[in-house]
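What follows is a set of notes on a single structure, which appears directly below.
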Amino acid sequence: MPLETLSDKLQMSLRRLTGRGKLNEKDIDDAMREIRVALLEADVNYRIVKKFISEIKEEALGERVMKSLTPGDQVVKIVYEHLVDLMGEEAVPINLKPGGLSVVLMCGLQGSGKTTHAAKIANYLRKNNNLRPLLIAADVYRPAAINQLVQLGKQLDIEVFELGTIVKPQEIVRKGIAYAKDTSKNLVIIDTAGRLQIDEILMQELVDIKDIAKPDEILLTIDAMTGQDAVNVASSFHEKLGVTGCLLTKLDSDTRGGAALSIRYMTQIPIKFIGVGEKLDQLEVFHPDRMAKRILGMGDVIGLIEKATANIDEDDAMKMAERLQKGIFTYNDFLDQIKMIKKMGSLKGILGMIPGLGSKLKGIDIDDKQFMYIEVAIGSMTKEERKNPDLIATSYSRKMRIAKGSGRPYQEINNLTKRFAEMKKQMLAFAGMSEEDMERAARRGGVPMKAPKAKKGKGKNKGGFRF
């Protein structure tokens, strides 16, 4: 069961309890039965499920709930508190050596995303901790792994130390760390070999590398799609290496989600990072409280603010606000906004972080390709048209020319201009402009006198841009 499906089922079970003035034991039993099934289908360890349900039910039948004016809300709060406790209560920072050379050893099975996430972590720590990273390519058994790490290093402008596939991994690590010290690097991330399954040769090699590198952090990369097997993998690596943290990958895909809920409880290894996309900046610190809120549809406002802060330039945002205050909002401004949003990740992911919106997005197709189509359409406009949307709003010939230039149907371009006018009016109203202000601004140039009114009635969206 995908994590999103688990979230939907838990929310549905709890929704039956909220808004009711009184609950009885049968109501609690029915909800707990549904939650139990949802957790088991998500591949959460059965021992965890048994304990989880038992503790929630005991609290739900207590005075805190039964005497409350909002008993359903109290049950939701109890479930939230136990989910947070299950996943580790609070975020655990990565171990770094202050003022010295920090060494992070990446380990995991083949195909878990270890190489990609070694580069992601290097990029993250360079950006957020102001470190100077060096990536060491110590996977000599898969030639593509070295090439992949080198290419990732080039994309991120991070140096990669590699000696090919003939030199032993232990020697590569020894020389790589010496090189890092010689070149004044203060962070080393070692990408090691993985196997399709755990074996003695793999483990002994990792033990040797650990003895040489003396890592501050041993980070186990686990593919969240492995479900309950992730616990067995984590336990095996932990027994041999003393793993200090986990990194869960593919948590954005159709994963069962059980790994996120099971690993910390079963192994006591904290989850430190989660991979939430394929892009090299799509890595997040794992916050149990935020994950619990996402699962229960409570959103993640703090996470959304952090994404915006990390990806949106403050000066650009201020310039945009100043233009809106002057009554200016053009296709160029719209294009800048699209670029800002794209930096933050998928649109559905962003909207899902807004409290109350997550569950409403179920079944709604939010295609990020729409951004690309809009960018192509705006790119087919002339400089004057981008600066003055009025030129296009009522011109069939201009819309037709833009449609041909962008390779999109005329209907989509027409739809774009109408929705842009509506959006512009809302943006200017949000900036505190009255109708009179808009009209005065229009006389100065930059915005239309009035946005076209949308046609009344339900009106089906016949395709095209949706924003």
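Below 8 Å, C-alpha to C-alpha, sequence gap of six or more: please give me the relative contact order for segment 116-223 in percent.
In percent, rounded to a whole number, it is 30.
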Note to self: Viscosity 0.692 mPa s, temperature 37 °C: give me the Stokes-Einstein translational D for segment 149-283 in µm²/s, with Rh taken as the Kirkwood radius over C-alpha pairs.
What the structure shows: 202
Notebook entry, point to check: Over the alpha carbons of segment 1-140, what is the largest minus smallest coordinate on each principal axis, giving the biggest first in Å?
Noted result: 60, 32, 23
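Average the reciprocal distances over every distinct pair of alpha-carbons in segment 25-83, invert the result, and give the Kirkwood radius in Å.
That comes to 11.6 Å for segment 25-83.
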Note to self: If DNA, RNA and ligands are ignored and the probe is 1.4 Å, what is the ranking of 199, 333 by accessible area, most exposed first?
What the structure shows: 199, 333
Check: Taking the mean number of other Cβ atoms within 10 Å as a proxy for protection, how do you rank 274-281, 218-225, 288-295 from highest to lowest?
Finding: 218-225, 288-295, 274-281
Next item on the list: List the extent of the Cα atoms of segment 1-43 along each of their three principal axes, largest first, rounded to whole Å.
Entry: 33, 17, 6
Next item on the list: Would you work out which of 138, 109, 84 lies farthest towards the positive end of the dipole of segment 1-142, given +1 charges on the beta-carbon of Lys and Arg and -1 on that of Asp and Glu, about the Cα centre?
Entry: 138
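The values are calculated or read from the model by the stated rules, or taken from the named source; none is laboratory data. It should be emphasised that the depicted structure is a prediction, and the values quoted were computed from it without experimental measurement. Positions of Cβ are generated from backbone atoms using ideal geometry, with glycine treated the same way; all protein chains shown enter the neighbour counts. Surface accessibility is based on the protein's heavy atoms, side chains included, excluding ligands, DNA and RNA. Shrake-Rupley method; radii C 1.70, N 1.55, O 1.52, S 1.80 Å.
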